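Chemist: Below: one structure in structure tokens.
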Amino acid sequence: MKASMDRRSFLKGAGTLALGGLIPLNLIEVAFGKDNPQNFTFGYISDSHLTHIKGTQFVRNWDHGLRRAVAEVNMMDPKPDFVVYGGDIAQLGKKEEIDHGLEMLSAIRNKMHYVMGEHDYYLDLGKYWESQLGPQWYSFDHKGVHFVVLNSILTYPDWTYKRWPSARERMHQMARLDNPQGSPFMVGEAQRAWLQQDLAKVSKDTPIVVLSHSPLYKIYKGWNFWTEDAEQVQALLQPFRKVTVIHGHVHQVLYNQIGNISFYAVMSTAWPWPYANTYTQAKSLVPKLTVPMNRADPFHERDATGWTSFDLANGHVDTHYQLWSNTDRTVAFNMRDGKPEDTVYQPEDQRIPPQTQY
Amino acid sequence: MNYKHTRFFLSLTLGLGLGLAGSVNVQADEFTKADLEQWQQDFTWTVKKGERLFHSPLGSNTVSCDQCHPNAANTHPETYPKFQKQLGRVATLGDMINWCIQNPAQGKPMSLDDPRMIALEAYITYERRGVPLAPGKH
């Protein structure tokens with residue numbers, strides 16, 4: 001642990017871009033795989049919100065976040081089997097923003113999988129994204145694990161097709177998180193039917209990992225920390241013994257266990273979001289299990305942002321939050337308790353003052 | 001807009017009324033339900049203006065306050081003034097708003113009595129209504 005932290009401090013001090021070679025960021029060795037017991041790890045970058053200002057100008061702060069994540073993912077050791085981008089490459093769905101992000105992400109020396117975010121979608125309903133990155137939902141198998149990628153940020157057709165005078169206006173409305181005129185995310189009937197068929201081919205003891213942008217459970221509707229048909233999606237996943245959902249959107253350390261399903265959020269490279277229960281004018285359902293991340297220090301531009309890496313062990317996921325300007329966190333599935341737990345801070349008496357959110 | 005016109009005519013009418021009455025001696029602590037409603041409207045208008053500003057670019061790079069602070073969450077207006085270790089002094093909410101305008105939003109600071117600053121403070125504080133004051137709290 002100490003050695004690992006020293007390496008990170010060294011990395012942070014030296015500047016990641018200057019270092020070309022392989023530097024061990026984490027050395028976790030895990031064994032996993034129902035049919036093919038090999039070690040494997042994957043990297044996760046998400047929510048970069050690259051914002052086009054004009055011409056060749058983009059918001060510097062958000063660019064820095066994604067660049068740094070790309071550099072660090074390339075230095076993972078053991079090398080990840082693949083890297084996932086968890087959605088919201090763009091801020092307002094513009095081609096310029098998506099292209100700018102893909103240009104940066106093209107430096108990753110790994111196979112990539114992409115998840116659709118609402119900021120990528122609501123300008124042209126995902127057309128440009130799809131033309132560059134392929135289908136919005138699909139599944140793949142890797143070393144005995146069945147991975148499912150969903151587009152969970154769809155919403156009611158009336159809102160999408162009839163409500164707004166222009167595509168640009170629709171995008172702006174969806175881009176505002178606290179928008180009283182917003183509309184809840186959903187996976188939708190067509191995709192749920194596809195998921196049911198897709199899962200019908202999979203044996204019940206195969207570990208399932210679902211990658212979505214929004215959490216596939218309900219935290220706070222007012223910020224769309226929410227998926228309207230979450231229960232129906234969960235019901236499709238319920239027959240499987242080991243299920244993990246990994247999602248973006250919330251820009252924070254967040255984890256939960258509902259029945260057989262473990263949920264983990266990933267970090268944003270751009271900015272952190274408050275926990276929904278710190279908004280005192282509305283009720284929300286922040287999972288009690290989550291030990292919050294430290295309250296963000298606005299004076300450190302990259303604080304409370306970062307990226308995430310995952311190990312698969314015994315059909316369950318261990319999550320490593322790579323936090324810039326802060327101590328890294330590991331939330332691992334505890335086989336005895338049957339739920340994810342922080343490996344350091346989970347007991348009440350181990351928590352530190354900056355984790356108090358209010 | 002309509003409301004502003006109404007207020008103008010209201011003052012005009014009131015002024016004429018007082019003029020006609022001549023000898024009415026208005027006491028400082030005398031106010032009516034209509035006054036209270038009027039002041040509340042004025043405050044609400046300022047909160048709404050603050051909400052608009054909070055969701056608009058205030059600097060040079062299109063970044064707005066709500067991007068990090070939906071519903072002004074994680075701004076903790078009830079804890080100011082407080083010692084801000086990064087500034088090395090006791091700071092007000094306005095100081096912190098200016099810090100955000102200058103840094104993440106890459107803009108120019110406002111004077112603390114700028115009507116836009118007052119509107120931003122009104123919105124941020126209104127979204128935190130009901131939370132006990134806790135000056136100095138970290």
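Coordinate-derived values only; no laboratory data. None of these values were measured; they are calculated from a predicted model. FYI the Cβ positions are ideal-geometry reconstructions off the backbone, even for glycines, and counts take in every protein chain you see.
Chemist: Quick one: which residues, 5+ away or cross-chain, put their amide H under 5 Å from the amide H of A:V245? H built at 1.01 Å from N.
Modeler: A:V210, A:S262, A:F263, A:Y264
Chemist: To the nearest 20 Debye, how big is the dipole of chain A about its Cα centre, given +1 on the beta carbon of each Lys and Arg and -1 on that of each Asp and Glu? Walk me through the numbers on the way to the answer.
Modeler: Working: 36 positive and 38 negative charges, 28 e Å.
So the dipole magnitude of chain A works out to roughly 140 debye.
Chemist: If you take each beta carbon of peptide A:214-223 and count the beta carbons of other chains within 10 angstrom, what is the mean?
Modeler: Numbers: counts 0, 0, 0, 0, 0, 0, 1, 0, 2, 3.
Rounded to a whole number, the mean comes out at 1.
Chemist: Between rounded, prolate and oblate, where does chain A land on the alpha carbon gyration tensor, with a ≥ b ≥ c its root eigenvalues, rounded for a/c under 1.5, else prolate if a/b exceeds b/c? The partial results should precede the final answer.
Modeler: Working: a/c = 1.28, a/b = 1.10, b/c = 1.17.
Rounded.
Chemist: At 7 Å along Cα-to-Cβ for each site, give me the label-to-label distance between A:D198 and B:S111 in nm.
Modeler: Placing both labels 7 Å along Cα→Cβ, they lie 5.9 nm apart.
Chemist: Moving on to the next point. Calculated FRET efficiency, A:M75 and A:T327, Cβ-Cβ r, R0 22 Å, to nearest 0.05?
Modeler: Values: r = 19 Å, r/R0 = 0.86.
Rounded to the nearest 0.05, the efficiency is 0.70.
Chemist: Could you state the number of Å between the C-alpha centres of the range A:274-325 and the range A:147-216?
Modeler: Rounded to whole Å, the Cα centres lie 22 Å apart.
Chemist: Counting only other chains, and only Cβ atoms inside 10 Å, what mean value do you get across the residues of A:263-276?
Modeler: Numbers: counts 0, 0, 0, 0, 0, 0, 0, 2, 5, 2, 6, 8, 2, 3.
The per-residue average across the peptide is 2.
Chemist: Further, regarding this structure: Under a Cβ-Cβ cut-off of 10 Å, what is the net charge of the residues other than A:L177 that fall near it, where Lys and Arg count +1 and Asp and Glu count -1?
Modeler: Details: positive: A:R176; negative: A:E118, A:D178, B:D66.
Net charge in that neighbourhood comes out at -2.
Chemist: Could you list A:Y217, A:Y358 in order of exposure, starting from the residue whose Cβ has the fewest other Cβ atoms within 10 Å? Before the final figure, lay out the partial values.
Modeler: Details: A:Y217 20, A:Y358 15.
With the sparsest Cβ surroundings first, the list reads A:Y358, A:Y217.
Chemist: Under 37 °C and 0.692 mPa s, how fast does the range B:57-138 diffuse according to Stokes-Einstein, given a Kirkwood radius computed over C-alpha pairs? Answer in µm²/s, whole number. Could you put the intermediate results ahead of the total?
Modeler: Working: Rh = 13.1 Å.
The estimated diffusion coefficient comes to 251 µm²/s.
Chemist: For a quick check: sort A:V344, A:V59, A:V115, B:V47 by the number of other beta carbons within 10 angstrom, fewest at the front.
Modeler: Details: A:V344 16, A:V59 24, A:V115 28, B:V47 19.
In increasing order of surrounding Cβ atoms, one gets A:V344, B:V47, A:V59, A:V115.
Chemist: Just for the range A:140-251, what percent of DSSP beta bridges are antiparallel, to the closest 5?
Modeler: Working: 5 of 14 bridges.
Antiparallel bridges make up about 35 percent of those DSSP assigns within the range A:140-251.
Chemist: Separate question: Let me check against my output: what whole-number percent is the relative contact order of the range B:57-138, with C-alpha pairs under 8 Å and at least 6 apart? Numbers along the way, then the final one.
Modeler: Values: 96 pairs, mean separation 33.6, N = 82.
That works out to 41 percent.
Chemist: Just list whichever of A:K221/B:K49; A:K221/A:K242; A:K95/A:K201 have alpha carbons separated by over 31 Å in the model shown.
Modeler: Exceeds cut-off: A:K95/A:K201.
Chemist: How charged is the neighbourhood of A:I246? Take every other residue with its Cβ under 14 Å from the Cβ of A:I246, and add Lys/Arg as +1 and Asp/Glu as -1. Don't skip to the end; give the middle numbers.
Modeler: Numbers: positive: A:K242; negative: A:D47, A:D311, A:D318.
Around A:I246, the surrounding residues sum to -2.
Chemist: Would you please classify the overall shape of the range A:232-319 from the alpha carbon gyration tensor, given that a ≥ b ≥ c denote the square roots of the eigenvalues, rounded means a/c under 1.5, and beyond that prolate means a/b larger than b/c while oblate covers the rest? Write out the running numbers ahead of the final one.
Modeler: Numbers: a/c = 2.69, a/b = 1.50, b/c = 1.79.
Verdict is oblate for the range A:232-319.
Chemist: Over the range A:42-340, calculate the relative contact order: mean separation of alpha carbon pairs under 8 Å at least 6 apart, over the residue count, as a percent.
Modeler: Working: 661 pairs, mean separation 49.1, N = 299.
This gives 16 percent for the range A:42-340.
Chemist: So how do A:192-203, A:260-271, B:86-97 stack up, highest first, on mean other-Cβ count within 10 Å? Don't skip to the answer; put the middle values down first.
Modeler: Working: A:192-203: 13.6, A:260-271: 24.9, B:86-97: 15.5.
The most tightly packed comes first, giving A:260-271, B:86-97, A:192-203.
Chemist: Just want the ordering: B:E37, A:E72, from fewest to most Cβ atoms lying within 10 Å of their own Cβ. Each step should come with its number before you reach the end.
Modeler: On the way: B:E37 10, A:E72 23.
The order, fewest Cβ neighbours first, is B:E37, A:E72.
Chemist: With contacts defined as alpha carbon pairs under 8 Å and 6 or more residues apart, what's the relative contact order of the range A:284-338 in percent? Can you show the working numbers first?
Modeler: Values: 64 pairs, mean separation 13.0, N = 55.
Across the range A:284-338, relative contact order equals 24 percent.
Chemist: 7 Å from Cα along Cα→Cβ at both A:E169 and B:F83: what's the point-to-point distance in nm?
Modeler: 5.2
Chemist: Take peptide B:59-66, look around each residue's Cβ out to 10 angstrom, count Cβ atoms belonging to other protein chains, and average those counts. Intermediate results must be reported in sequence, preceding the final value.
Modeler: Details: counts 0, 3, 8, 9, 8, 1, 0, 4.
The per-residue average across the peptide is 4.
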